[in-house]
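Below is one structure, written out as structure tokens, with a few remarks after it.
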Amino acid sequence: MRPVSDFLSRVMPSVPGCPQPLAEQAIRDAAIAFCEDSLALRERLIPFTTIRGVAEYSLIPEDSDTQVARVIDIYLDGTRLSPCVSAPPAPSDSLSAPTAYYTTRVGSAFQVALSSTPDKEYTVVAEVALRPTRSASTLDDDLLDLWADAVTAGAIGRLSSVPGEPFTDLAVANAAQQIAIRGARGARSEMGVGRVRGSMRVTQRPLA
């Protein structure tokens, strides 16, 4: 993890006169937007064990400066569960091995609801996409080492669009935002070749 201030040397020359607290918040916002658009920061959370009769569990990363942006996959004793995309699982009093899951957000935490309700202990592994929190003091190393241009451009775009400031420049803001968008799209496409954080495996498929 790297301090948010590590991005300042890249951002501040483009927004002369910008207060540092405002610049740091723009960097956080840009990093969040990049992570949500690209899903580039992936991680398998520490496995947890289900409790008989309990279907809902919170997914909380180890690092307090990050939170779950999206659940990618849920594995139960090594078997991938099916997501319930359009609706939560129907409530049921019966207990059995879960075969599906549904996600929701409770406060600032992602929560996964298993269907069916577990009838015994199972080991659950959640593969998730991460993003920084709004109050993060540090950002993931990869945001600086791999995708600094996209995050920097996103921050400059936000700051340059603030009205009535010495550093306001809508032309710069528009150009920077386009760079940020292209960077997020590029990072998302790189997931297909395995350039993501976490335990990932790429399987080759025929073109036809």
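Of note:
- Length gained on full extension, ILE179 to ARG70: 36.9 nm, using 0.36 nm per residue less the C-alpha separation.
- Formal net charge of residues neighbouring VAL54 (Cβ-Cβ distance under 14 Å; K, R +1; D, E -1): -2
- Cβ-based exposure ranking for ILE60, ILE156, ILE74, in which fewest neighbours within 10 Å come first: ILE60, ILE74, ILE156
- The range 90-120 and the range 1-52 have Cα centres spaced 30 Å apart.
- Measuring how big the range 1-99 is from its alpha-carbon positions, Rg and Dmax come out at 19.7, 63 Å.
- On Cα atoms only, tilt of 20-38 relative to the major axis of the chain in degrees: 40 degrees
- Database remark: amide H of GLU165 closer than 5 angstrom to no amide H (H placed geometrically; neighbours at sequence offset of 5 or more, or on other chains; Pro and chain starts carry no H).
- Average Cα contact separation per residue, the range 42-132, under 8 Å, 6 or more apart, as relative contact order %: 48 percent
- Where GluC sites (Glu not before Pro) in DSSP loops with at most 13 other Cβ within 10 Å are excluded, longest remaining stretch of the chain: 122-208
- The sum of -39500 (n - 2.57) across all DSSP H runs of n ≥ 4, divided by the residue count of the chain, sets its helix-only mean residue ellipticity at 222 nm to -9500 deg cm²/dmol.
- Here the extension length gained between ALA148 and ILE51 equals 30.7 nm, from 0.36 nm per residue of separation less the Cα-Cα distance.
- Estimated FRET transfer efficiency when R0 is 25 angstrom, pair THR133-ARG2 (beta carbons, to 0.05): 0.95
- Electrostatic tally near MET12: other residues with Cβ closer than 14 Å to its Cβ, Lys and Arg +1, Asp and Glu -1, net -1.
- Distribution of pairwise C-alpha distances over the chain, 5 Å bins, in %: 1, 7, 14, 16, 15, 13, 11, 9, 6, 4, 2, 1, 0
- Segment ASP63-GLU190, length gained on full extension (0.36 nm per residue, minus Cα span): 43.3 nm
- Each of VAL124, VAL68, VAL54 has some number of other Cβ atoms within 10 Å of its Cβ, and from fewest to most they run VAL54, VAL124, VAL68.
- Kirkwood-Stokes translational diffusion coefficient of the range 42-132, alpha-carbon pairs, 20 °C, 1.002 mPa s, µm²/s: 163 µm²/s
Read-outs: derived from the displayed coordinates by stated rules, not from any lab. For clarity, every value in this text was computed on a predicted model and none was experimentally measured. Reconstructed Cβ throughout: ideal geometry from the backbone, glycine too, with neighbour counts over all protein chains shown.
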